[in-house]
Amino acid sequence: MAVVETELQKPYVIGLDLGGTNSVFGIVDARGDIKATTAIKTQGYKTVEEYVDACVAALQPIIDTVGGIEKIKAMGIGAPNGNFYTGAIEYAPNLPWAHDCVVPLAKMFSERLKDLPVALTNDANAAALGEMTYGAARGMKNFIEITLGTGVGSGIVINGQMVYGSDGFAGELGHVTMVRGEEGRVCGCGRKGCLEAYCSATGVARTARQFLQDSSEESLLRQYKPKDITSLEVSLAAAKGDKLAKRVYDFTGKMLGEACADFTTFCSPEAYVFFGGLTKAGDLLMKPLIEAYNNHVMPIFKGKAKFLVSTLDGSSAAVLGASAVGWDM
Ligand SMILES: [Zn+2]
């Protein structure tokens with residue numbers, strides 16, 4: 001009864017998808033309908049105080065459209081290097097006001113919004129919570145969300161709970177080592193051979209450049225300067241039947257599938273949910289992925305995990321994910 005009353009009196013949460021370029025806000029109801037939205041640039045503020053001022057100024061009109069702050073239960077933020085335990089963003093390279101310090105962003109927003117409860121986590125965890133609340137993982141208690149964008153992120157849900165670990169940063173499956181030793185590709189984290197260096201959108205482009213260099217095989221990709229090749233050109237070429245481009249996806253899917261087979265030994269998820277630009281490649285990626293998974297997973301796990309693509313709409317998924325952080329607190 002108490003829950004129903006709260007939902008009636010406070011039927012909305014605010015979601016903030018805090019990216020390196022844009023900060024996108026949505027006011028969201030329990031069914032995942034975005035009632036109002038606004039956005040500001042993330043860059044261009046010298047201090048975090050100025051940034052929060054600009055956010056609150058942008059938020060006020062959309063808060064008014066749903067009946068005022070009294071109608072809002074909480075705010076959830078998905079942000080790079082966001083720590084759920086502390087509500088702080090810690091040393092985020094792409095955020096000028098947080099790249100060399102720890103910024104207690106959840107507390108700052110709460111103080112400016114009449115003590116509204118505010119929770120924060122990293123973007124991949126927010127994506128997983130969004131999937132569990134509104135998307136392909138609704139009703140699941142054990143799944144792993146893998147985000148395939150510029151990087152490879154992950155959110156791990158075990159026994160119905162998001163895994164945050166001892167320090168709030170658990171779930172960095174993009175940085176498991178897939179290639180050991182000196183030949184491993186350099187990764188953005190400063191180490192070598194990480195999954196992200198191969199299976200992100202940038203990793204796919206790197207693989208294509210490497211294949212083009214290592215062979216003289218004909219390919220539609222040879223019409224581009226190597227530096228101009230992105231995962232988009234590779235997927236377009238592969239869709240047209242280009243053999244080299246297809247091998248790039250075979251390579252990428254195989255590595256992801258082998259990685260997932262190892263993740264399964266740890267937490268036996270009911271499903272893997274893939275999200276992000278690379279999933280647009282469809283079967284080009286998913287077929288070799290599932291095949292490699294089945295070839296590598298321990299016999300007791302064979303045939304159990306589902307392989308799904310996110311059902312959340314790309315443009316609103318991040319805001320929905322952030323709002324789910326607010327519902328989850
Ligand atoms: Zn790494």
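Give Leu95, Leu105 a once-over and let me know the one that is under 27 Å from Ala197 (Cα atoms) and buried (at least 17 other Cβ atoms within 10 Å of the Cβ).
Leu95
State all residues of region 165-185 that are in contact with a helix residue (DSSP H, G or I) (Cβ under 7 Å, 6 or more places away or on another chain) and either aromatic (Phe, Trp, Tyr) or within 13 Å of the ligand (Cβ to nearest atom) (or both); if no residue qualifies, say none. Once the filter is applied, which keeps residues that are in contact with a helix residue (DSSP H, G or I) (Cβ under 7 Å, 6 or more places away or on another chain) and either aromatic (Phe, Trp, Tyr) or within 13 Å of the ligand (Cβ to nearest atom) (or both), region 165-185 yields Leu173, Gly174, His175, Val176, Met178, Arg185.
Scanning region 290-321 for residues that are under 24 Å from Met132 (Cα atoms), in contact with a Ser or Thr (Cβ under 6 Å, 6 or more places away or on another chain) and among the β-branched types (Val, Ile, Thr) yields a total of 1.
Annotation for region 141-149: no member residue is in a helix (DSSP H, G or I) and either over 15 Å from the mean Cα position of the chain (by Cα) or modelled with pLDDT under 95 (or both).
Residues in region 228-252 that are of a type in the set (D, E, K, R) and free of Cβ contacts under 8 Å to residues at least 12 places away in the same chain: Asp228 only. A residue that is within 13 Å of the ligand (Cβ to nearest atom) and closer than 19 Å to Val152 by Cβ cannot be found anywhere in region 229-242. Looking only at residues in region 189-204 that are in a helix (DSSP H, G or I) and within 7 Å of the ligand (Cβ to nearest atom), the one that is farthest from Gly277 (Cα to Cα) is Ala197.
The C-beta contact set for region 170-195 (first residue over 12 Å from Met255 (Cβ atoms) and free of Cβ contacts under 8 Å to residues at least 24 places away in the same chain, second residue within 7 Å of the ligand (Cβ to nearest atom) and outside any loop (DSSP other than H, G, I, E, B), distance under 6 angstrom, 6+ apart or interchain) comprises His175/Cys194; Cys187/Cys194; Cys187/Glu196; Cys187/Ala197; Cys189/His175. Scan region 15-61 for residues that are assigned to a strand (DSSP E or B) and of a type outside the set (Phe, Trp, Tyr) and the total you get is 19. For the structure I just gave you, tell me whether Ile158 is more than 16 Å from the ligand (Cβ to nearest atom), of a type outside the set (D, E, K, R) and either at pLDDT 95 or above or in contact with a His (Cβ under 6 Å, 6 or more places away or on another chain) (or both). The answer is yes for Ile158.
The values are calculated or read from the model by the stated rules, or taken from the named source; none is laboratory data. As the structure is a prediction and not an experimental result, all values here were calculated from the model. Note: ideal-geometry Cβ built from the backbone for every residue, glycine included; neighbour counts use all protein chains shown.
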